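Beneath this line is the structure, given in structure tokens, with notes to follow.
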Amino acid sequence: MADIPHPEPAPYTGPSYFHVFKALVANSLAREMTLRGSFLITVFTRGFWFAAQLMLFEIIYGNVRDINGWTKYEFFIFMATGMIINTLIEVFFMPNCANFSELIRTGNLDFVLLKPIDPQFLVSCGEKLDLGALSNLLLSGSLLYWGASHLDQGITLGQVFAYFGLIAVGVATFYSLMISLAALSVFFGRNQGLYDFWFYITIFARYPRDIYRNFWQGEIIYFVFSNIIPILLIVTVPSSVLAGKILNPGYVWGILIGLTLLSLFIARRIFLWAIDNYRSSGS
């Protein structure tokens, strides 16, 4: 009797990152709906903070025509852009990166490293999402539309595409900084001080970079956070593009993209270096 041919098994290609991420979103949504009270409190507090910030700058612009060349509606575009970038970081990356030191302390990082998926993906966004922070996207999107609709000039489709592309670049830059700081937990244990450092340097991105050019200490901040760590470019460049403001220099968007690619490469090397030096709880 002739042998019956058996089909060759399909080669294992590893888990689908899309399906893993989809399951993560579903689990996070179920968790948020279980804790509705906490979710509603988060939405309320973020809405209150947004209203307070908006009222503050309404008062300021009630007394001045512009702040270093930024009119009220141009600044509202800037403010909305910063909120969008920070919200995306808070929703997808911050809860997990902040938990990295706990994975090390409890030994649960061992289980992460045993899974057939890139550990950086799991450490970055593989545990939970802060879906309560998504309410900020609705608020910031409304502010962005309000500011853009009051500009003197129209906005082209090219500006819109460039804007959202630069938003992605800004998120990538902030992410590379955050995962680098999280990876250092392997060497320093609890990394609360590292996250304090994160908030201290990202606070500079809350204001347009030209504001820092009025005093010599600001010139130092301007140079370091424009040409080494592009914190001041992350929000200023995309908001300037959408508002139709002249970039100075005109190729500054290229500097931002180049430094972002470099920061992602360095962050990856730091993460792999940290994992190579990690000692499991069983060792």
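Every read-out reported here was derived from the displayed coordinates using simple, explicitly stated rules and does not represent laboratory data. Values in this document were obtained by computation on a predicted structure and should not be read as measured data. Cβ sites come from the backbone with ideal geometry, for glycine too, and all protein chains shown count toward neighbours.
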For the pair Gln53 and Leu138, the simple spin-label estimate (label points 7 Å beyond Cα toward Cβ) gives in nm 1.7
For the chain, what is the number of Lys pairs with C-alpha distance below 23 angstrom, counting only pairs 8 or more positions apart or on separate chains? 4
How large is the convex hull of the C-alpha atoms of the range 168-283 per residue, in Å³? 103
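If the viscosity is 0.692 mPa s and the temperature 37 °C, what Stokes-Einstein diffusion coefficient in µm²/s follows for the range 27-155 when Rh is the Kirkwood radius over Cα pairs?
Working: Rh = 17.1 Å.
My calculation gives 192 µm²/s for D.
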Helix-only estimate, please: 222 nm mean residue ellipticity of the chain, summing -39500 (n - 2.57) across DSSP H runs of length 4 or more and dividing by its residues, to the nearest 500. -22500 deg cm²/dmol
Just to check I understand the Karplus step: with θ = phi - 60° and J = 6.51 cos²θ - 1.76 cosθ + 1.60, what whole-Hz values come out for the range 82-94, glycine and proline as x? x, 5, 4, 5, 5, 5, 4, 5, 5, 6, 9, 10, 4
Mean-position separation - Cα centroids, the range 222-240 and the range 76-104, in angstrom: 18
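Ranked highest first by average number of other Cβ atoms within 10 Å, how do 104-115, 175-186 line up? Don't skip to the end; give the middle numbers.
Details: 104-115: 14.5, 175-186: 22.9.
Result, highest mean first: 175-186, 104-115.
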